[in-house]
Amino acid sequence: MRADVVVVGAGHAGCEAAIAAARMGARVIVVTLSRARVGHMPCNPAVGGVGKGHLVAETDALGGVQGWAADRAGLQFKTLNRSRGPAVWGPRAQCDKNRYSQLLRGLLLGIHGVELIEAEVVGLESDDGRVVAVRLGDGRRVEARAVIVTTGTFLDGVLHTGPERRAGGREDEPASRGLGNSLAEHGLELRRFKTGTPPRLHRDSLDYSRLTEEQGDDEPRPFSWRTRAVRNRCLCWSARTLEVVQRIIEDNLHRSPLFSGQIVGIGPRYCPSIEDKVVRFPHHREHTLFIEPEGLDGESMYVNGLATSLPRDVQERVVRSVPGLERAEFLRYGYAVEYDVVAPGQVSAALTARAVPGLWLAGQVLGTSGYEEAAGLGLLAGINAALALRGEAPLVVGRDEGYLGVLVDDVVHVEHREPYRMLTSRAEHRLLLGIDSARERLMARGVELGLVPKRAFHVEHLRWDARERARQELERTRLNPSTETRDAVRRACRVEITAPTTWAGVLRRTDVDPALAAAGLEALSDLPSEDRLVVVSRVRYAGYLERQRKEVARVRRLREAAIPEAFEPRALPGLSREVLEALERHRPRSLGEAARLPGVTPAAVAILAGWLSRRREV
Amino acid sequence: MVRLSGSEAARIAGAVCSGLDPDRPWRAQLVELSGDLGPGERAVAIPYRAPRSATGEDMVELVLHGSPFVVGRVLERCVAAGARPAAPGEFTRRAVANGKLDLLQAEAVRDLVAAETRFEYQSAQRQLSGELSRELGRVRGELIATLAQLEAGLDFAAQGADPDPDIAMRCLARVGQEIDRLVSGGERRELARGGVRVVLVGAPNAGKSTLFNRLLCRPRAIVADAPGTTRDVLEATTEIDGVKTVLVDTAGLGVGGGEVEREGVARAGAALAEAHVAVVLWPADTAQGPPQLALPPGGRRLLVRSKADLAPGGGEGWLRVSARTGEGFAELEARLASVVRELVGHEDGPVAVGARHRRALERARAELAAVDTGTPELAAEGVRWALAALEELVGEVLTEDVLDEVFATFCIGK
């Protein structure tokens, strides 16, 4: 068999990669262990949130499919941080897992140029250091010019529930054996990570009268430009654990694979298991749990906040100690999975494996955690594999251009010792990267790549223009404190003005409620309600945004400061041996590249920067 | 002592002496200087192996007797063997590059070397020992904790980890006070480094020059009995209670006459404008009332009734002093010392900070003052900018630290 691109794994990363590459003209073969599990959500049946929602918006702007699928499979839509500025809005959709999976499978099967086969990839074959084919468990070979590995948690996966341990990638799926070894043989360093998932309870065994209802937003907001509208279709619930949980867990800590040393992999800090939480935060009297249906018609309820690998009987005691869950029946017990990841630093900014030409990596196998991170990386890998096959330069999103940029940059350069999850605090230019600007930042590239139709781009563009016009009007329209004007200001913003000002000046006052103003201002009345809020925020944040823009420019200048070809690191006094070795081995061409090399200290960067600026003066 | 630092240190040292065993580092070894310096010319050599050395590189220290010829020859031979003379501060710079010292400590080395008074010496010592770095580290830590709270509220909105804006505000106010303390310490340090300016003023022949000489313990000004003898403004640096003090003796005020006198009087006025302490002399041998002078705001004054032996009484607040009988001098010196001390603070008081640090701290302070705690995402930016200003002082990465902090204090689900 032969293809342009082989994608190993059909999860969130794999699907995005395959679909993007195919749309860009490549012939793609996707190899998955199970056709039934394409686009599966093994953990939280939800997409988005704060940070993750930003990734979905950007993936969607570039032409990826996750947002579209989440809109159609969505059961409840909520935007977190709604009361704050758009920079930190976190749109989230609780989804019907099966529907989501069906949608992605339908896409894969329907797109011209994609073939889906069910098999296990047991190894890579290379010629002269370059990957040329993958070897399947049944002996077949698939030749390809590019291979994208998106194996998620399957590489040498081991599942733990209490003392039970068995090989497995997820729940009831087998692990992948040979490929991990093959990657290692090709020079990739692997590391052991872990992640976990909570139990699933039977819907009918819960006492809803003792749980708190959680509703979606009044005006649910779709992720994708492809979606016109979405609606909420179900409720969720929340519950609180009692103090007794602490005792139950402490009494049984010795039986927890995490604490007994049975599990070696390092787990995420941001998604700690319940036993982690209890051990590390013993002063917290209670923990909040969210109970979320996994499907509209199914019986399975996901318990958000209770990831665990404690033995079954302990899980039962913990769950049943929660008010409302006393009679809970378990459809599935929580488990932890240990798996191999490719250690950070071995992938380029285009997501190619530095040591193995022809190989791309994306998704959880790179050490990230979450469907959104996986989808974003998968999309970029698919795009870049297709570009590489055409002989074109890869798409690299900068840290100042999007959370996708922050994601890739962190995955490539930072020594993470635990699964990486996107948070807005990772973005140093957070105010410029809100979801309100995702399409403005990235949609044009989606069009260039052929993944976003021009028509859709045009429609969005009209919207951005309208926002910008409104914003400028607010900045320019002078307000003189005549009786009429004062009344208008009072009606729209509920404040008094006494001196000449502009609408922008009024909006920037700390006593003005942005939401009220957005609804009340005439200048904004033609815009959809979300856009009104965006304009008001951009006016209020103007000073901060301007400052961030200046920082971006400054950092870019520094980063791009070119290091001449003929540069001899040893000619600079004051550089340590480690720094000299790093500079000589990697031969960075810009200050930014140099600063990112492992072992290069801030002091060394300062010395380099000083030298470069002195040279310019000469 | 000749110091070599770098990976070739041992080899180059070996070109200058024999008997050096680099495999026995950190031990003083007796070696013999070679070539035309020997035979019999001995020295002590101490090799150091990276990273356990002052610079973090391989080093060799050659302890020679001080003969200029020998030292010169040794330096020449080192250069001939491939060494390069160190640029100013280069050893310290390498120490910083290798992480042995942070930037603040490096500055302390510089200040230590330049210290002229006990105050400066002790300040520099404390900075070198890392005291300032620790103080800044504490301030930074508090800011990171506040930032972490704000960030957690944003990134984990689902878990309802809403930060209380009052807590954030109080925290930032506290940090602001800490910074103010460090900054005022810095002003005092600069004062100490430049010297407290003590200006003696008073009518001609009021006894200023006598007092000047007495405080300096050596005659400098021309002392004579006719008014208008000091025709110039004289400055001399001395140390009072361990603090650098610049004494300024001015021409008599109110003397009419020639060009020189007028110039002197003008300079006296200028000196007074820059004074930290004015010692006002009112001689007891005239019928004139106490001199009225305009002093700069914040300036301290000591009122001295000079030539007290010539007439009894004086005024409220005027210290009676006589050069002839010695009356009141001890008291005067004690009061002067205490005023100087008050201006400069004590060495064991709050840590003092240099000019560069002060600028960065003041920037941080300004950022914090502008923070809008009611809007967490903007407040977070403000705190980040304040942290960035502090970061310049010591140089660290920000983002991962914030995350570390968040997860030490918050319990977050998926």
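Would you work out the relative contact order for chain A, in percent, from Cα pairs under 8 angstrom that are 6 or more residues apart?
17 percent
Calculate how large, on average over all directions, the projected area of the Cα convex hull of segment A:42-86 is; give the answer in nm² to one decimal. Display every interim value, and only then the final one.
Values: hull surface 14.5 nm².
Across all orientations, segment A:42-86 yields a mean hull projection of 3.6 nm².
Please compute the volume of the convex hull spanned by the alpha-carbon atoms of segment A:304-463 and report it per residue in Å³.
Details: hull volume 28.9 nm³, N = 160.
Roughly 181 Å³ of hull volume per residue.
Hey, could you grab the Kirkwood Rh for segment B:2-85? Inverse mean 1/r over distinct alpha carbon pairs, Å, one decimal.
Working: mean 1/r = 0.0802 Å⁻¹.
Value: 12.5 Å, from the Cα pair sum.
List the residues, sorted by chain then number, that are 5 or more residues from residue A:329 or on another chain and whose placed amide H is less than 5 Å from its amide H.
A:202, A:205
Averaged over its residues, how many other protein chain Cβ atoms are within 10 Å of peptide B:378-385's Cβ atoms? Before the final figure, lay out each step's value.
Details: counts 8, 0, 6, 10, 1, 0, 3, 3.
Mean partner shielding for this stretch: 4.
How large is Rg over Rh for segment A:299-364, taking Rg from the Cα atoms and Rh as the Kirkwood inverse mean of 1/r across Cα pairs? Please list the in-between numbers first.
On the way: Rg = 19.6 Å, Rh = 15.4 Å.
Rg divided by Rh gives 1.27.
Of B:307, A:454, B:100, which has the most accessible area and how do the rest follow, probe 1.4 Å?
On the way: B:307 50, A:454 155, B:100 85 Å².
Sorted by accessible area, descending: A:454, B:100, B:307.
P(r) for segment B:52-110: what percent of alpha-carbon pairs falls in each 5 Å bin, starting at zero?
P(r) over segment B:52-110, rounded to whole percents: 4, 17, 20, 21, 18, 13, 7, 1.
Which far-off residues, 5 or more places away or on another chain, put their amide H under 5 Å from the one on residue A:7, with H placed in the peptide plane?
Those qualifying (amide H under 5 Å, at least 5 residues apart or on another chain) are A:29, A:30, A:31, A:148.
If amide H atoms are built 1.01 Å from N in the plane of the peptide, which residues on other chains or at least 5 residues away come under 5 Å of the amide H of residue A:590?
A:563
Run the 1.4 Å probe and let me know the accessible area of residue A:544, rounded to the nearest 10 Å².
50 Å²
To the nearest 10 square angstrom, how much accessible area does residue B:359 have with a 1.4 angstrom probe?
140 Å²
How far, in nm, would the chain grow between residue A:546 and residue A:327 when pulled straight, counting 0.36 nm per residue and subtracting the alpha carbon separation? Walk me through the numbers on the way to the answer.
Numbers: separation 219, 0.36 × 219 = 78.84 nm, distance 5.62 nm.
Extra length from residue A:546 to residue A:327 when fully extended: 73.2 nm.
Whenever you get a sec, line up B:329, B:91 from highest to lowest accessible area (probe 1.4 Å, protein heavy atoms).
Details: B:329 10, B:91 55 Å².
The ranking, largest first, comes out as B:91, B:329.
Determine the calculated [θ] at 222 nm for the protein assembly as shown from helices alone, applying -39500 (n - 2.57) to every DSSP H run no shorter than 4 residues and normalising by the residue count; nearest 500 deg cm²/dmol.
Working: 33 runs with 420 residues, N = 1032.
Here the helix-only value at 222 nm equals -13000 deg cm²/dmol.
Looking only at other chains, what is the average number of their beta-carbon atoms within 10 angstrom of each beta-carbon in A:575-581?
Numbers: counts 3, 10, 8, 4, 2, 1, 0.
Neighbouring Cβ atoms belonging to other protein chains average 4 per residue here.
Using a 1.4 Å probe and ignoring any ligands, DNA or RNA, find the accessible area of residue B:285 and quote it in Å² to the nearest 10.
80 Å²
Evaluate 2.2 N^0.38 Å with N set to the residue count of segment A:415-470, then give the Cα radius of gyration divided by it. Mind dumping the intermediate values first?
On the way: Rg = 15.2 Å, N = 56, 2.2 N^0.38 = 10.2 Å.
Dividing the Cα Rg of segment A:415-470 by 2.2 N^0.38 Å gives 1.50.
Could you work out the Kirkwood radius for chain A, taking every pair of different alpha carbons, averaging 1/r and inverting it, reported in Å? Mind showing how you got there, number by number?
On the way: mean 1/r = 0.0382 Å⁻¹.
Mean inverse Cα-Cα distance, inverted, gives 26.2 Å.
Rg over Rh of the protein assembly as shown, using C-alpha atoms and the Kirkwood radius, what does it come to? Each step should come with its number before you reach the end.
Working: Rg = 36.8 Å, Rh = 34.1 Å.
Ratio of gyration radius to Kirkwood radius for the protein assembly as shown: 1.08.
Taking all protein chains as present, what is the carbon and sulfur share of the accessible area of the protein assembly as shown, in % to the nearest whole number, probe 1.4 Å?
Details: 21820 of 43570 Å².
Ligands and nucleic acids excluded, carbon and sulfur give 50 percent.
Please report the antiparallel percentage of the DSSP beta bridges confined to the protein assembly as shown, to the nearest 5. Intermediate values should be presented prior to the final figure.
Numbers: 77 of 115 bridges.
Counting DSSP beta bridges with both partners in the protein assembly as shown, the antiparallel share is about 65 percent.
Work out the mean other chain Cβ neighbour count within 10 Å for the residues of A:418-427 and drop it here as an integer. Show your work: numbers first, answer last.
Working: counts 0, 0, 0, 2, 1, 10, 5, 15, 6, 1.
Mean shielding by partner chains, rounded to a whole number: 4.
To the nearest µm²/s, what D does Stokes-Einstein give for segment A:189-327 at 4 °C and 1.567 mPa s, using the Kirkwood radius over alpha carbon pairs as Rh? Write down the numbers at each step before the final one.
Numbers: Rh = 16.7 Å.
Diffusion coefficient, whole number: 78 µm²/s.
Kindly identify segment A:151-199 as rounded, prolate or oblate by the Cα gyration tensor criterion: order the square roots of the eigenvalues as a ≥ b ≥ c, call it rounded if a/c is under 1.5, otherwise compare a/b with b/c, prolate if a/b is larger, else oblate.
Cα axes put segment A:151-199 in the prolate bin.
Please give the Cα centre distance for segment A:558-583 versus segment A:186-225, rounded to the nearest Å.
Distance between centres, Cα-based: 48 Å.
At a temperature of 10 °C and a viscosity of 1.306 mPa s, determine how fast segment B:116-156 diffuses translationally according to Stokes-Einstein, using the Kirkwood radius over alpha-carbon pairs as Rh; express D in µm²/s, rounded to the nearest whole number. The partial results should precede the final answer.
Numbers: Rh = 12.2 Å.
Translational D for this selection: 130 µm²/s.
Give me the lysines in straight-line cross-link reach of residue A:78: C-alpha distance below 17 Å, same-chain residues under 8 apart excluded.
The qualifying lysines are A:52, B:414.
Among the DSSP beta bridges whose two residues both lie in chain A, what percent are antiparallel, rounded to the nearest 5? Before the final figure, lay out each step's value.
Numbers: 55 of 76 bridges.
Antiparallel: roughly 70 percent of the beta bridges in chain A.
Give a residue-ordered list of calculated ³J(HN,Hα) values for segment B:41-48 (Karplus: 6.51 cos²θ - 1.76 cosθ + 1.60, θ = phi - 60°; whole Hz; x for Gly, Pro).
7, 9, 8, 10, 10, 10, x, 10
For A:194, A:550, give me the order by solvent-accessible area with a 1.4 Å probe, most accessible first, ignoring ligands, DNA and RNA.
Numbers: A:194 15, A:550 135 Å².
Result, largest first: A:550, A:194.
Pop out the ³J(HN,Hα) list for segment B:125-134 in order, Karplus 6.51 cos²θ - 1.76 cosθ + 1.60 with θ = phi - 60°, rounded to Hz; leave Gly and Pro as x.
4, 5, 5, 5, 6, x, 4, 5, 4, 5
The values are calculated or read from the model by the stated rules, or taken from the named source; none is laboratory data. What you are looking at is a predicted structure, and each value in this text was computed from that prediction instead of being measured. Using ideal geometry, Cβ is built from the backbone for each residue, glycine included, and neighbour counts are taken over all protein chains shown. To get the accessible areas, we keep the full protein, side chains included, count just its heavy atoms, and leave off ligands, DNA and RNA. Shrake-Rupley method; radii C 1.70, N 1.55, O 1.52, S 1.80 Å.
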